[in-house]
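Colleague: Pasting a structure below so you can have a look.
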Amino acid sequence: MSSKRIVVLGGTGFVGRHLISRLCAEGHLVTVLSRNLDAHFVRYLPPGSQLVTCDVYDGAALARAFSGTDAVINLVGILNEKGSSGQGFRRAHSELTYIVVSACRNAGVKRLLQMSALNAGRGQSHYLHTRGEAENVVKASHLDWTIFQPSVIFGPDDGLLTRFRELLRLAPVLPLARPNAKLAPVYIKDVVEAFVRALDNPATIRQVYELYGPEIITLKKLVRRIAQVMGWRRLVLPLPDALGWMQAMIAEWIPGKPFSRDNFRSLATDSVGGIDGLHRLGITPTPLSARIDRLLGSADSRQKRLDRYRRQTA
């Protein structure tokens with residue numbers, strides 16, 4: 001794989017941090033654009049990368065940042081917004097993508113890798129609707145684009161396992177909206193591998209890849225599994241939709257907005273795939289069950305690591 005100059009938008013997020021490290025390890029030169037320089041994040045940037053201040057909604061500034069670049073990767077996305085108008089989702093997804101596509105054109109950059117979501121354009125949520133709008137913008141361009149549609153992503157310090165672990169830590173009883181929503185969680189390293197393999201492969205141009213794991217699990221069973229792994233006795237209380245909607249309305253007022261009405265609407269559409277994009281890219285998907293103990297750092301897994309260390313040093 002030849003070394004490339006790559007600009008990443010949304011690189012300070014969960015996927016971005018993992019992807020940047022992998023791209024730099026492959027020898028690429030990576031520029032991460034951000035409106036605010038995060039000194040904490042800068043300290044952890046790997047060699048071969050830099051963080052540059054840029055208003056990504058300024059098309060002219062974006063085109064200048066893209067100049068001389070071989071590829072652009074757009075990872076920008078939000079899961080929640082203030083209020084329920086959908087304005088924040090439209091700005092972060094469809095409007096920004098239009099600006100990115102225009103900036104690529106003006107800077108003479110042909111290659112664009114776009115992060116989307118499984119079921120983009122389906123369902124009733126602003127999140128999925130605007131992800132679909134963004135995909136339409138990319139597909140209508142004359143760029144050499146590739147779109148990735150992941151299910152929920154799990155990995156170290158993710159927003160899935162980690163979030164529910166912390167909720168379960170605090171609550172002996174956890175009321176759960178949309179308990180029967182189906183998920184096919186995909187491992188962060190598999191998502192990163194998909195981006196890396198597509199970057200230099202002409203066969204992936206103008207292709208959409210669904211990225212999902214090999215195991216389908218309901219939200220209720222996932223949360224109960226997390227409690228089991230941690231060794232906690234917890235009651236996970238499935239809520240009917242009427243109460244789940246009320247929970248979402250209340251949760252929107254909690255700092256950090258752990259759950260929202262739009263999340264509730266998104267969960268009405270099962271996050272499971274139909275055409276295995278990882279298989280198409282030659283990637284064997286990692287089962288959630290093979291990683292969950294280590295990722296959660298359960299008492300049992302910590303003891304096993306301690307026992308292994310003692311055997312190695314004996």
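The values are calculated or read from the model by the stated rules, or taken from the named source; none is laboratory data. None of the values given here were measured: they were computed from a predicted structure. Cβ placement follows ideal geometry from the backbone for every residue including glycine, while neighbour counts extend to all protein chains displayed.
Colleague: Which condition does Gly83 not pass, out of (1) in contact (Cβ under 8 Å) with a residue 12 or more places away in the chain; (2) more than 20 Å from Ser102 (Cβ to Cβ), if it passes all the others?
Modeller: Failed condition: (1).
Colleague: Right, here's the next one. Being at negative phi, in contact with a strand residue (DSSP E or B) (Cβ under 7 Å, 6 or more places away or on another chain) and aliphatic (A, V, I, L, M) narrows it down to one of Val192, Val196, Val223, so name that one. Spell out the reasoning first.
Modeller: Working: Val192 fails: in contact with a strand residue (DSSP E or B) (Cβ under 7 Å, 6 or more places away or on another chain); Val196 fails: in contact with a strand residue (DSSP E or B) (Cβ under 7 Å, 6 or more places away or on another chain).
The match here is Val223.
Colleague: Looking at (1) in contact with a strand residue (DSSP E or B) (Cβ under 8 Å, 6 or more places away or on another chain); (2) more than 30 Å from Ser94 (Cβ to Cβ); (3) surrounded by 17 or more Cβ atoms within 10 Å (Cβ to Cβ); (4) not polar (S, T, N, Q), can you tell me which one Val229 breaks?
Modeller: Val229 satisfies every listed condition except (1).
Colleague: Would you confirm, using the coordinates I've provided, whether Gly132 is in a helix (DSSP H, G or I) and without any contact (Cβ under 8 Å) to a residue 24 or more places away in the chain? Quick ask: steps written out before the conclusion?
Modeller: Working: in a helix (DSSP H, G or I): yes; without any contact (Cβ under 8 Å) to a residue 24 or more places away in the chain: yes.
The answer is yes for Gly132.
Colleague: Does Arg169 satisfy being touching a residue at least 40 places away in the same chain (Cβ under 8 Å), of a type in the set (D, E, K, R), surrounded by fewer than 17 Cβ atoms within 10 Å (Cβ to Cβ) and in a helix (DSSP H, G or I)? Please lay out each step first, then the result.
Modeller: Details: touching a residue at least 40 places away in the same chain (Cβ under 8 Å): yes; of a type in the set (D, E, K, R): yes; surrounded by fewer than 17 Cβ atoms within 10 Å (Cβ to Cβ): yes; in a helix (DSSP H, G or I): yes.
Spelling it out, Arg169 is indeed touching a residue at least 40 places away in the same chain (Cβ under 8 Å), of a type in the set (D, E, K, R), surrounded by fewer than 17 Cβ atoms within 10 Å (Cβ to Cβ) and in a helix (DSSP H, G or I).
Colleague: What residue, of Ala65, Ala25, is within 24 Å of Gly108 (Cβ to Cβ) and either in contact (Cβ under 8 Å) with a residue 24 or more places away in the chain or surrounded by fewer than 16 Cβ atoms within 10 Å (Cβ to Cβ) (or both)? First the steps, then the outcome.
Modeller: Numbers: Ala25 fails: within 24 Å of Gly108 (Cβ to Cβ).
Ala65 is the lone residue from the list that is within 24 Å of Gly108 (Cβ to Cβ) and either in contact (Cβ under 8 Å) with a residue 24 or more places away in the chain or surrounded by fewer than 16 Cβ atoms within 10 Å (Cβ to Cβ) (or both).
Colleague: Going through Lys220, Lys189 one at a time, which residue ends up being over 29 Å from Ile20 (Cα atoms), out of contact with any Phe, Trp or Tyr (no Cβ under 8 Å at 6 or more places or on another chain) and in a helix (DSSP H, G or I)? So that I can check it myself, show each step before the final result.
Modeller: Values: Lys189 fails: over 29 Å from Ile20 (Cα atoms).
One residue alone meets the criteria, Lys220.
Colleague: From the residues in segment 68-85 that are among the small types (Gly, Ala, Ser) and at pLDDT 95 or above, which one is surrounded by the most Cβ atoms within 10 Å (Cβ to Cβ)? Give the derivation first.
Modeller: Applying the first criterion (among the small types (Gly, Ala, Ser)) to segment 68-85 yields 68, 71, 77, 83-85.
Filter once more, keeping what is at pLDDT 95 or above: 68, 71, 77.
Details: Gly68: 11, Ala71: 23, Gly77: 19.
The selected residue is Ala71.
Colleague: On to the next question. Which residues, counting only those in segment 1-18, are under 18 Å from Ile78 (Cβ atoms) and either small (Gly, Ala, Ser) or not in a loop (DSSP other than H, G, I, E, B) (or both)? Walk me through it before giving the result.
Modeller: Narrowing segment 1-18 to residues under 18 Å from Ile78 (Cβ atoms): 8-17.
Answer for segment 1-18, where residues must be under 18 Å from Ile78 (Cβ atoms) and either small (Gly, Ala, Ser) or not in a loop (DSSP other than H, G, I, E, B) (or both): Val8, Leu9, Gly10, Gly11, Gly13, Phe14, Val15, Gly16, Arg17.
Colleague: Is it true that Pro156 is within 18 Å of Leu288 (Cβ to Cβ) and not in a helix (DSSP H, G or I)? Working first, answer last.
Modeller: On the way: within 18 Å of Leu288 (Cβ to Cβ): yes; not in a helix (DSSP H, G or I): yes.
Yes, satisfied.
Colleague: Can I ask one more? Look at Gly213 and say whether it is modelled with pLDDT under 95 and either under 25 Å from Ser2 (Cα atoms) or part of a loop (DSSP other than H, G, I, E, B) (or both).
Modeller: On the way: modelled with pLDDT under 95: no; either under 25 Å from Ser2 (Cα atoms) or part of a loop (DSSP other than H, G, I, E, B) (or both): yes.
No; evaluated as a whole, the condition is false for this residue.
Colleague: Among the candidates Gln124, Gln149, which residue alone is surrounded by 17 or more Cβ atoms within 10 Å (Cβ to Cβ), over 20 Å from Trp253 (Cα atoms) and of a type outside the set (Asp, Glu)?
Modeller: On the way: Gln124 fails: surrounded by 17 or more Cβ atoms within 10 Å (Cβ to Cβ).
Of the residues listed, the single one that is surrounded by 17 or more Cβ atoms within 10 Å (Cβ to Cβ), over 20 Å from Trp253 (Cα atoms) and of a type outside the set (Asp, Glu) is Gln149.
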